[in-house]
Every structure is written in structure tokens, then in C-alpha cells.
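Bear in mind that the values in this text are calculations on the coordinates, not laboratory data. As the structure is a prediction and not an experimental result, all values here were calculated from the model. Using ideal geometry, Cβ is built from the backbone for each residue, glycine included, and neighbour counts are taken over all protein chains shown.
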Amino acid sequence: MKGFSLRSGKIFVFVLWILLSMNEFMLFSAKVFNVKKFGAVGDGKTDSTKAFEIAWKKACKNRGKPRVVIPEGVFLIRPLVLRGPCKSHKMHVHVEGVVKAPINITVFKNKKEWILFQHVERVIVSGYGKFDGRGAFAWPLNQCTKQKHCNFLPSSIKFNYVTNGTIQGISSVNSKSFHLSIHNSKHIKLHDIKISAPEDSPNTDGIHITDSSNVTITRSIIGTGDDCISIGPGSRRVLISGVFCGPGHGISVGSLGRYENERDVVGLRVRNCTLTGTRNGVRVKTWPASPKSSASHLVFEDILMNNVHNPIFIDQNYSPYGPSKKQRPSEVQIRKVRFDKIRGTSASKVAVRLMCSKAVPCQDVELSDIDLRYHELGQSTLASCANVHGVSKGLLKPPPCF
């Protein structure tokens with residue numbers, strides 16, 4: 001009897017373990033929510049917004065690892081909010097087809113983005129599919145290149161209050177404004193993505209980051225009509241690596257100092273990137289007559305420039321509308337900036353421009369191992385500086401100006 005009881009107990013424990021394991025497997029296994037099963041039609045004409053909303057909401061209520069699948073086809077989607085928090089362990093949106101925005105800009109009344117991920121933890125957006133913002137119909141309506149006070153066109157995809165998010169593999173084309181916007185989020189990874197818009201498309205920044213921390217961008221190809229990547233106020237601990245940029249306006253910190261109460265930028269590393277035919281290379285830009293803030297601990301290293309205007313540029317009198325009528329200088333303090341191992345060709349004779357504010361001169365700027373030649377017959381280049389304090393060392397072409 002004792003042996004029988006012991007054996008029975010072992011069997012009971014074994015069966016219980018199996019049941020618990022099965023329950024755990026069922027709890028955390030991926031359940032697929034295909035948008036077509038909720039009424040989406042991939043003909044490029046039928047409005048499938050409601051189907052996407054239902055698929056997301058049902059997946060969001062699932063306690064496992066739900067997977068919202070956008071299959072092959074062309075899906076027309078109006079402005080869409082994918083809202084959390086969710087019950088799931090991790091939300092996964094897998095894109096195989098084309099998600100297409102509406103042409104009519106009035107559909108976006110009071111909307112700042114086309115697709116918004118809001119208050120979501122642990123979300124992945126992946127696949128080989130494409131988000132088409134169809135911006136060519138809206139770009140002529142953009143007034144922000146002509147006047148400071150204007151209404152921005154909607155961004156394509158925005159992460160707002162997202163924690164532990166990943167965007168990988170997808171493509172974004174012809175956004176009406178920013179392609180990807182990261183705001184008030186943390187621990188965000190973007191890799192192996194492709195972003196494209198014509199060189200003359202206004203304000204089509206590839207990736208724009210504001211008030212976010214621990215953002216990593218790697219192994220991506222970006223060509224737009226504005227900054228390939230722009231680092232806005234409140235950005236902290238951002239890493240950019242292995243990015244190919246061009247056409248566009250380069251990789252920029254800023255613009256900063258446009259609005260009151262902007263938070264500081266702290267901690268940026270841009271490394272192992274290639275810029276080709278861009279208007280600027282690596283740049284820090286601040287508005288004149290700005291409120292006080294700062295940008296510090298910025299590193300730009302191991303970067304190749306191919307026929308780039310302004311390969312290295314600090315511009316503290318930034319104004320896209322022509323010379324500023326306000327003479328008061330910027331009060332954005334730029335400090336602890338390092339430009340290291342930057343090489344290639346410049347499309348302008350002045351390859352290094354460090355034009356800092358006379359109110360708060362740039363502090364602790366370092367130039368080291370710079371080799372930039374004028375693209376015409378490999379001629380030498382020049383450097384121009386104002387209100388800069390720092391050091392220079394190693395190979396320096398052009399010769400340092402401070």
C-alpha cells in the first residue's frame with residue numbers, strides 16, 4: 001500500500017505538471033488575428049479601418065502573445081489608434097501587405113498622425129510590408145517651409161507613451177509629414193527598416209524622436225526630403241548605427257529652442273553611418289532668440305560623407321525662412337560634443353561649420369581624425385568657427401578653426 005501510494009502520488013504530480021505546462025503553453029502561445037477575418041479587404045479601395053480596429057482590440061484582450069497579421073494585399077486605412085494597455089504578454093503586428101493612407105487630407109481633421117500606437121507595453125511591428133502615406137497629394141498644402149506658425153501635416157506612424165517597442169523590417173514611403181515619430185516613449189528599437197520620399201518632399205523626416213529615452217536605430221536605409229533622423233527636445237540615450245542616409249538633410253539634433261519649456265537633449269551616439277548627397281551631414285541646430293535649454297554628450301564617430309554639403313555643422317542661428325529678424329542669440333547651451341573619424345568628400349568648400357551662440361558659446365567641443373576633401377579633384381577644404389571652446393587632435397583636414 002505504501003508503494004502504491006507513493007507511486008500514485010508521483011503520477012498525480014506528473015499529471016499536474018503536464019496540465020500546468022499545457023496551461024502555460026496555451027497562455028503564452030501566439031494566437032493569430034488576421035485582419036481579413038474581421039472584414040478587411042485588400043483591394044486598395046475598400047475602407048478596412050474598422051476591421052483593423054476590431055483585430056487589434058480582440059488581440060489586446062488576449063492574455064497570450066497575440067499576433068495581428070496584415071496579409072498580402074493593399075489595405076486602405078483611415079486614421080487609426082491602436083490603444084493600450086493590453087492584457088497580452090506582448091503585442092505583435094506582422095505586416096506582409098501594403099497599408100495605404102487616404103488621399104483626402106480632410107479625413108485627418110484634428111489628427112496629428114495616421115497610425116498611432118498609444119499607451120502600449122511590449123509591442124513589435126515587423127514584416128516585409130509597406131506603409132504608403134501617399135503624401136504627394138498633400139505636400140503642396142504644406143506651409144511649414146514658409147512660415148513658423150503653421151499646421152503640420154500628419155505623421156505616418158507614431159509611438160506615443162510606448163514602452164519596449166520594436167519596429168523591424170518594414171518600409172515606409174511618401175509620408176505626408178514625418179515617417180516614424182517616437183514621443184514620450186522608452187526602450188524603443190528600430191532596425192532593418194527602409195524609408196523613402198522624394199528629395200523635394202517637405203518635412204518628411206525619416207525618424208523623429210522627442211521626449212524619449214533609450215532609443216536605438218540600426219541597419220536602416222533612409223532617403224527623404226528632410227532630416228533622415230531628427231533628435232528633438234527631451235531625447236536621452238539615443239544610439240544610431242549602421243544607417244545609410246540620402247537624399248535628405250542629414251542626421252540632426254534639433255531644431256531646438258523653438259518652444260518654451262523644452263527638455264534637454266542628453267546622450268547621443270551616431271556611429272558607423274554613411275551619408276550620400278545630403279544637404280547636411282551631422283548637425284546640431286537651434287533657433288535664435290530661444291528659451292534656455294541644453295544639448296550635451298553628443299558623439300559623432302566613424303562616419304563616411306559622400307559629396308555632402310556641410311558635413312559637420314553646428315548652426316545656432318537656424319531659420320528655414322531666411323535670416324531671422326530677431327537679433328537676440330540662441331540660449332541653447334551646446335556642450336561636450338565630439339566629432340571623431342569623419343571622412344569623405346564635401347560638396348562645399350567649407351566642410352566644418354561650427355557657428356555657436358555668442359550668448360552661450362559651445363563648450364568642450366572635440367574634433368579628432370577628420371579627413372574631408374572638396375569633391376572637385378580632391379581639393380582641400382576649410383573650417384569656419386564662431387564662439388567655440390574645445391580641442392582638436394589627430395589628422396585634421398580641414399585645419400581646425402579653434
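Modelled this way, with points 7 Å down the Cα-to-C-beta line, the labels at I54 and N214 are 3.8 nm from one another. Relative to the longest principal axis of the Cα atoms of the chain, helix 2-28 runs at roughly 40 degrees.
Here the extension length gained between H389 and H191 equals 67.7 nm, from 0.36 nm per residue of separation less the Cα-Cα distance. The order of T345, T218, T145, T106, going from fewest to most other C-beta atoms within 10 Å of their C-beta, is T106, T145, T218, T345. Seen against the Cα atoms of the chain and their longest principal axis, helix 49-61 is set at about 70 degrees. Any idea what the relative contact order of the chain is, in percent, if you count C-alpha pairs under 8 Å spaced at least 6 apart? Relative contact order for the chain comes out at 8 percent. Approximating the spin labels as points 7 Å out from Cα along Cα→Cβ, the N261-to-V41 distance works out to 4.7 nm.
Quick one, which of [x] 42, 29, 18; [y] 45, 26, 19; [z] 33, 25, 18 is the actual semi-axes √(5λ) of the Cα gyration tensor in Å calculated for this model? Computing semi-axes √(5λ) of the Cα gyration tensor in Å and matching it to [x] 42, 29, 18; [y] 45, 26, 19; [z] 33, 25, 18 gives [y]. Model label sites at S296 and N110, defined 7 Å from Cα along the beta-carbon direction, differ in position by 4.2 nm.
Just going by the charge dipole of the chain, with Lys and Arg at +1 and Asp and Glu at -1 on Cβ, which of S380, A347, P288 is farthest out on the positive end? Sorting the options by dipole projection puts first P288.
Considering only the other residues whose Cβ falls under 11 Å of the Cβ of D226, what net charge follows from Lys and Arg at +1 and Asp and Glu at -1? Don't jump to the answer; show the numbers that get you there.
On the way: positive: R279; negative: E199, D200, D205, D227.
Neighbour charge sum, excluding D226 itself: -3.
What you get for the chain, charging only the Cβ of Lys and Arg (+1) and of Asp and Glu (-1), is a dipole of about 1400 debye around the Cα centre.
For the stretch 148-287, give the magnitude of the charge dipole about the Cα centre (Cβ charges: +1 Lys/Arg, -1 Asp/Glu; no others), in debye to the nearest 20.
On the way: 16 positive and 10 negative charges, 68 e Å.
For this selection, approximately 320 debye.
A simple rule links phi to the HN-Hα coupling: the Karplus curve 6.51 cos²θ - 1.76 cosθ + 1.60 with θ = phi - 60°, which for the stretch 362-370 gives 5, 10, 6, 8, 10, 10, 9, 6, 9 Hz, with x for Gly and Pro. Applying 0.36 nm per residue to the separation of R328 and K358 and subtracting their alpha-carbon distance, the gain on full extension is 9.8 nm.
Do any trypsin sites (Lys or Arg not before Pro) in the stretch 294-368 lie in a loop, going by DSSP, with at most 15 other beta-carbon atoms within 10 Å of their beta carbon, and if so which? Could you put the intermediate results ahead of the total?
Working: sites: K325, K326, R335, K336, R338, K341, R343, K349, R353, K358; in loops: K325, K326, K349, K358.
Counting only loop positions with at most 15 other Cβ atoms within 10 Å, the trypsin sites (Lys or Arg not before Pro) in the stretch 294-368 are K325, K326, K349, K358.
Under a 5 Å amide H cut-off, with hydrogens placed 1.01 Å from N, D264 pairs with G234, S294 among residues at least 5 apart or on other chains.
In the chain, which longest range has no GluC sites (Glu not before Pro) that are both DSSP loop (not H, G, I, E or B) and surrounded by at most 16 other Cβ atoms within 10 Å? Between exposed loop sites, the widest span is 261-375.
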